[in-house]
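Chemist: What follows is a structure written as structure tokens; I'll ask about it next.
The values are calculated or read from the model by the stated rules, or taken from the named source; none is laboratory data. Given the structure is predicted, the values throughout are model-derived calculations rather than measurements. Ideal geometry is used to build each Cβ from the backbone, glycine not excepted, and the neighbour counts take in all protein chains shown. Quick note on the areas: whole protein, heavy atoms, side chains included, nothing else; ligands and nucleic acids left out. Shrake-Rupley method; radii C 1.70, N 1.55, O 1.52, S 1.80 Å.
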Amino acid sequence: FTVTGLVSRENPITLRGDAEGYAMDAEVAISVAPALIQVAPAAQTVLVGGTATLAVSRPATQMGADLVVSIFNSDDTAVTVAASVTIPQNENLVYVDVTGLEAGESPTVSFQNGVSTVAQATVNVSGATVSVVDAGDGLSVVAGQALALNAVRAGGDMSAALTVSLTSADDTAL
């Protein structure tokens, strides 16, 4: 028969076996060590309102059972992340989404199975940005002519309309 380690513990777990009609019960102490977990990348950037992905993996030689991994976030005001993830039996990789909430923060997202943290990543939260860029005609215009420009945004709610207000450093020239 086999037993499956589910969650690491500091002290060995006693496993007892008995059978009807036998005078002696069997007893053995089994140590459950932390699973080997890795997270990549070790540093990830996410925009406010955006989502970034962390890859959580275990060695291909340790895929014999589902592995529940607890997730801890050092700053719930900066990012949101699930409380746990399960790496299914016969799989060695899952993805965890992290959503940015507050720009300028760099919380640590830690992963553990049982008693010790085995992997962590720093998530850097950047603000959403808008930039005005060349639409293909260069950044030069002849007096009396029009110049096409594009507004490009990164982060924020991409499903909502965006109004961009433009101002010129010299209203008499442009």
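Chemist: Looking at (1) closer than 30 Å to VAL3 by Cα; (2) open to solvent by 60 Å² or more (accessible area, probe 1.4 Å), which is the only condition VAL132 fails?
Modeler: (1)
Chemist: So, one more: So which of THR167, THR99 is modelled with pLDDT of 90 or more and among the β-branched types (Val, Ile, Thr)?
Modeler: Details: THR167 fails: modelled with pLDDT of 90 or more.
The conditions single out THR99.
Chemist: Which one of ALA26, ALA55 is of a type outside the set (Lys, Arg) and within 30 Å of THR129 (Cβ to Cβ)? I'd like the intermediate steps shown before the answer.
Modeler: Details: ALA26 fails: within 30 Å of THR129 (Cβ to Cβ).
Within the list ALA26, ALA55, the selection yields ALA55.
Chemist: For the subset of the range 113-138 comprising residues that are of a type in the set (Gly, Ala, Ser) and part of a strand (DSSP E or B), which member is farthest from the chain's Cα centre (by Cα)? Let's see the steps before the verdict.
Modeler: In the first step, residues of the range 113-138 are kept if they are of a type in the set (Gly, Ala, Ser); the result is 114, 116, 119, 121, 126-128, 131, 135-136, 138.
Okay, now just the ones that are also part of a strand (DSSP E or B), so 119, 121, 126, 131.
Values: ALA119: 12, ALA121: 8, SER126: 15, SER131: 27 Å.
Among them, the one singled out is SER131.
Chemist: Let me ask something additional. Can you tell me which of (1) of a type in the set (A, V, I, L, M); (2) modelled with pLDDT under 95; (3) over 25 Å from VAL32 (Cβ atoms) is the one ALA60 doesn't meet?
Modeler: Unmet for ALA60, out of (1) of a type in the set (A, V, I, L, M); (2) modelled with pLDDT under 95; (3) over 25 Å from VAL32 (Cβ atoms): (3).
Chemist: Residue by residue through the range 143-163, note down the ones that are in a loop (DSSP other than H, G, I, E, B), surrounded by 10 or more Cβ atoms within 10 Å (Cβ to Cβ) and modelled with pLDDT under 85.
Modeler: GLY155, GLY156, ASP157, MET158, LEU162
Yes/no matrix, rows are residues, columns are (1) in contact with a helix residue (DSSP H, G or I) (Cβ under 8 Å, 6 or more places away or on another chain); (2) more than 26 Å from THR108 (Cα to Cα); (3) at pLDDT 90 or above:
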position: ALA23; (1), (2), (3): no, yes, no
position: ALA40; (1), (2), (3): no, no, yes
position: GLN44; (1), (2), (3): no, no, yes
position: VAL48; (1), (2), (3): no, no, no
position: THR53; (1), (2), (3): no, no, yes
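Chemist: Just to be sure, is VAL96 within 13 Å of the chain's Cα centre (by Cα) and under 22 Å from ALA60 (Cβ atoms)? Before you say what the answer is, go through the steps one by one.
Modeler: Values: within 13 Å of the chain's Cα centre (by Cα): yes; under 22 Å from ALA60 (Cβ atoms): yes.
When the stated conditions are applied, VAL96 passes them.
Chemist: Can you tell me how many residues within the range 6-39 are touching a residue at least 60 places away in the same chain (Cβ under 8 Å) and among the small types (Gly, Ala, Ser)? Talk me through it step by step, then tell me what you get.
Modeler: Just the residues of the range 6-39 that are touching a residue at least 60 places away in the same chain (Cβ under 8 Å), to begin with: 6-10, 32, 34-39.
With the extra rule that they be among the small types (Gly, Ala, Ser), the set shrinks to 8, 35.
Matching residues across the range 6-39 total 2.
Chemist: Another one. Is it the case, given these coordinates, that ALA82 is of a type in the set (Gly, Ala, Ser) and touching an Asp or Glu at 6+ places or on another chain (Cβ under 7 Å)? Spell out the reasoning first.
Modeler: Values: of a type in the set (Gly, Ala, Ser): yes; touching an Asp or Glu at 6+ places or on another chain (Cβ under 7 Å): no.
So ALA82 fails the test.
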